[in-house]
1. Could you give me the ³J(HN,Hα) list for the range 23-28, computed from phi with Karplus coefficients 6.51, -1.76, 1.60 and θ = phi - 60°, whole Hz, x at Gly and Pro?
2. Given labels modelled 7 Å from the Cα in the Cβ direction, how far is it in nm from residue 149 to residue 100?
3. In the P(r) worked out for the range 1-59, what percent of Cα pairs fall beyond 17 Å?
4. Enumerate the calculated ³J(HN,Hα) couplings along the range 147-161 in order (Karplus 6.51 cos²θ - 1.76 cosθ + 1.60, θ = phi - 60°), each rounded to whole Hz, writing x wherever the residue is Gly or Pro.
Amino acid sequence: MAPFVDSTKCSEELQVKFRQWYQLKDQGANFNEALMRNKTFRNPNIYRWLVDHLQLEEAGTNLPSDGRFDPAQLRKDFSVKGLADDQERRAREYAARKAAPASAAKASGSVRSMQFQSGGFEKLQTPMPPSRPPTASTQSHPDNGRSFEEAVQRAKLIAQHLARPNKQ
């Protein structure tokens, strides 16, 4: 359904303003660009100031208040605050429903629980040779110790090579 179109004429003062705006537009003026270049417009608080200064109704409408649509007549829970309150109430109810079965099960003793105890530290029966550090990887795979030693030897050779001065 198309919005209601008012057939009454604009005041002469308003028509003069519109003519001035159309003349500026025909001359190449762009109100939006001029507004964006304005330093004041970049102020993050300008919106709140404009709403207060111009006494704008943020949740208003341009439709006539003939009963078709009037935001002031909406239910109070349709406002931002009303929706936030409703969402908070539903979250509390959900949390209570979720906690209720757990607390009932705990009270009846049907909830299982496990007690963990530290196993302590157990010493190895056979000491590791000094060339092979006791790590998880060398304990589970004996070949990894040899690979580690080979990698250390290669690293030493590369370090010696890099330490030599260039003969160029």
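Nothing in this text is a laboratory measurement; each read-out follows from the coordinates by a stated rule. Small disclaimer: the values here were computed from a predicted structure and weren't measured. Cβ placement follows ideal geometry from the backbone for every residue including glycine, while neighbour counts extend to all protein chains displayed.
1. So the J values, rounded to whole Hz, are 5, 4, 5, 5, 7, x.
2. Distance between the two pseudo-spin positions: 6.9 nm.
3. Numbers: 1147 of 1711 pairs.
Result for the distance tail: 67 percent.
4. Per-residue couplings from phi come out as 5, 5, 4, 5, 5, 5, 4, 4, 4, 5, 5, 5, 5, 5, 4 Hz.
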